[in-house]
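The values are calculated or read from the model by the stated rules, or taken from the named source; none is laboratory data. If you're wondering where the values come from, they're calculated on a predicted model, not measured in any experiment. Here the Cβ positions follow ideal geometry from the backbone for every residue, glycine too, while neighbour counts run over all protein chains shown.
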Amino acid sequence: MASLRIEHITYSYAGQKPTLIDISWEVQRGEFHCLVGRSGCGKTSLLNIASGLLLPDTGSVSINGQTLAGPMTDAGFVFQTPTLLEWKTVLENVLFPIEIKRKSTLQEQQRAVALLAMMKIDECKDHFPRQLSGGQQSRVAIARALIKNPAFLFMDEPFAALDAITREELQDDLLAICTEQQMTVLFITHDIAEAVYLSNRVAVMSTGQIIHAEPISLARPRVMQMRYSQEFNGLSHMIRKALEGSQRT
């Protein structure tokens, strides 16, 4: 496991006003943190800088105290669109991050099948993406991100296009696999309930800044009944108030 520290980050795209302004944030080893905020507030830019896909103009990102100077090698990525390769089977898609460099080993192939089983889609390992539902494709994308057993997982609205029931099922499965794999996760969402259910801590962003931090003290493992509890509703209300405040600024 590894910890991630972001210190006084600023970032601007060429010729534009600052996208991120003096942001500091820390994700401890094995924690699950969510970023919420209006579209265009800088969430994806912050995730890209946290993972090394972008380098900050000022400030630094460090892993266990070591400054990150380029794309993180020990990380998995899941985006809103699963981006599976249509001409490859489910199993081949999961193994693709390995196969792009070399032939996968029997042990890696067995791990891919085990990940698909954890994501409850192993029975579809020989299917092609066009034969899968949206939720099934998302499960494959998560398994692919985990195939190299990364210390970090970066997720940008991976469940946004799914129906509510499928989304909640995937949240439970994701939490289970992240706990088992001991991963450190940074997750972007527009859904307040999703952020509360998944997180150890939630950052609310507005116009390139983190304007509110909300620790989530709900017990683990998370269970569906928590979604209807007074504590859950109170935490959701706090985040909603912070978001409403950002809309007025």
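Here is a list: LEU20, LEU55, LEU35. Which entry is assigned by TED's automatic domain parsing to the domain that holds LEU186 and without any contact (Cβ under 8 Å) to a residue 24 or more places away in the chain? Step through it out loud before you land on a result.
Working: LEU20 fails: without any contact (Cβ under 8 Å) to a residue 24 or more places away in the chain; LEU35 fails: without any contact (Cβ under 8 Å) to a residue 24 or more places away in the chain.
Exactly one residue qualifies, and that residue is LEU55.
What number of residues within the stretch 86-112 satisfy the criterion of being surrounded by 15 or more Cβ atoms within 10 Å (Cβ to Cβ) and either part of a loop (DSSP other than H, G, I, E, B) or touching a residue at least 24 places away in the same chain (Cβ under 8 Å) (or both)?
14
May I ask you to list the residues in the stretch 65-121 that are among the β-branched types (Val, Ile, Thr), touching a strand residue (DSSP E or B) at 6+ places or on another chain (Cβ under 9 Å) and within 21 Å of MET183 (Cβ to Cβ)? I'd like the intermediate steps shown before the answer.
Step one: filter the stretch 65-121 for residues among the β-branched types (Val, Ile, Thr), giving 67, 73, 78, 81, 83, 89-90, 94, 98, 100, 105, 113, 121.
Add one more test, that the residue is touching a strand residue (DSSP E or B) at 6+ places or on another chain (Cβ under 9 Å), and what stays is 67, 78.
Of everything in the stretch 65-121, just one residue is among the β-branched types (Val, Ile, Thr), touching a strand residue (DSSP E or B) at 6+ places or on another chain (Cβ under 9 Å) and within 21 Å of MET183 (Cβ to Cβ), namely VAL78.
Which condition number does SER24 fail, the rest of (1) in a loop (DSSP other than H, G, I, E, B); (2) in contact with an Asp or Glu (Cβ under 7 Å, 6 or more places away or on another chain); (3) not basic (Lys, Arg) being met?
(1)
Is there a residue being under 17 Å from the mean Cα position of the chain (by Cα), of a type in the set (A, V, I, L, M), in a strand (DSSP E or B) and closer than 25 Å to GLY245 by Cα anywhere in the stretch 34-52?
yes
Would you confirm, using the coordinates I've provided, whether SER229 is surrounded by fewer than 17 Cβ atoms within 10 Å (Cβ to Cβ), within 29 Å of LEU20 (Cα to Cα) and either assigned by TED's automatic domain parsing to the domain that holds ALA117 or hydroxyl-bearing (Ser, Thr, Tyr) (or both)? Show your work before the answer.
Working: surrounded by fewer than 17 Cβ atoms within 10 Å (Cβ to Cβ): yes; within 29 Å of LEU20 (Cα to Cα): no; either assigned by TED's automatic domain parsing to the domain that holds ALA117 or hydroxyl-bearing (Ser, Thr, Tyr) (or both): yes.
No.
Among the numbered conditions (1) of a type in the set (Lys, Arg); (2) surrounded by 15 or more Cβ atoms within 10 Å (Cβ to Cβ); (3) out of contact with any strand residue (DSSP E or B) (no Cβ under 8 Å at 6 or more places or on another chain), tell me where ARG5 comes up short.
ARG5 satisfies every listed condition except (3).
For the stretch 214-226: of the residues being within 20 Å of the chain's Cα centre (by Cα) and surrounded by 13 or more Cβ atoms within 10 Å (Cβ to Cβ), which is farthest from ILE177 (Cα to Cα)?
GLU214
With ILE211, ILE188, ILE142, ILE121 as the choices, which residue is crowded, with 22+ Cβ neighbours inside 10 Å and more than 15 Å from the chain's Cα centre (by Cα)? Give the steps one after another, and end with the answer.
Working: ILE211 fails: crowded, with 22+ Cβ neighbours inside 10 Å; ILE188 fails: more than 15 Å from the chain's Cα centre (by Cα); ILE142 fails: more than 15 Å from the chain's Cα centre (by Cα).
Answer to the check: ILE121.
Within the stretch 71-103, which residues are under 20 Å from GLY52 (Cβ atoms) and either over 23 Å from the mean Cα position of the chain (by Cα) or of a type outside the set (Ser, Thr, Tyr) (or both)?
Scanning the stretch 71-103 gives PRO71, MET72, ASP74, ALA75, GLY76, PHE77, VAL78, PHE79, PRO97, ILE100, LYS101.
Out of all the residues in the stretch 192-203, is one or more within 21 Å of the chain's Cα centre (by Cα), surrounded by fewer than 16 Cβ atoms within 10 Å (Cβ to Cβ) and outside any strand (DSSP E or B)?
Residues of the stretch 192-203 that are within 21 Å of the chain's Cα centre (by Cα), as a first pass: 192-203.
If we keep only those that are surrounded by fewer than 16 Cβ atoms within 10 Å (Cβ to Cβ) as well, we get none.
No, the stretch 192-203 contains no residue that is within 21 Å of the chain's Cα centre (by Cα), surrounded by fewer than 16 Cβ atoms within 10 Å (Cβ to Cβ) and outside any strand (DSSP E or B).
For the stretch 8-49, how many residues are farther than 26 Å from ASP191 by Cβ and either crowded, with 21+ Cβ neighbours inside 10 Å or of a type in the set (A, V, I, L, M, F, W, C) (or both)?
Kept after step one, since they are farther than 26 Å from ASP191 by Cβ, are these residues of the stretch 8-49: 8, 10, 12-18, 22.
Within this subset, residues satisfying the condition of being either crowded, with 21+ Cβ neighbours inside 10 Å or of a type in the set (A, V, I, L, M, F, W, C) (or both) are 14.
Matching residues across the stretch 8-49 total 1.
For the stretch 113-172, what are the residues that are of a type in the set (D, E, K, R) and part of a helix (DSSP H, G or I)?
Our first condition is that a residue be of a type in the set (D, E, K, R); within the stretch 113-172, this holds for 120, 122-123, 125-126, 130, 139, 144, 148, 156-157, 163, 167-169, 172.
If the condition is that a residue be of a type in the set (D, E, K, R) and part of a helix (DSSP H, G or I), then ASP122, GLU123, ARG130, ARG139, ARG144, ARG167, GLU168, GLU169, ASP172 are the ones that fit.
Output the number of the condition that GLU231 fails; it satisfies all remaining conditions of (1) farther than 19 Å from ARG29 by Cβ; (2) not in a helix (DSSP H, G or I).
For GLU231, the failing item is (2).
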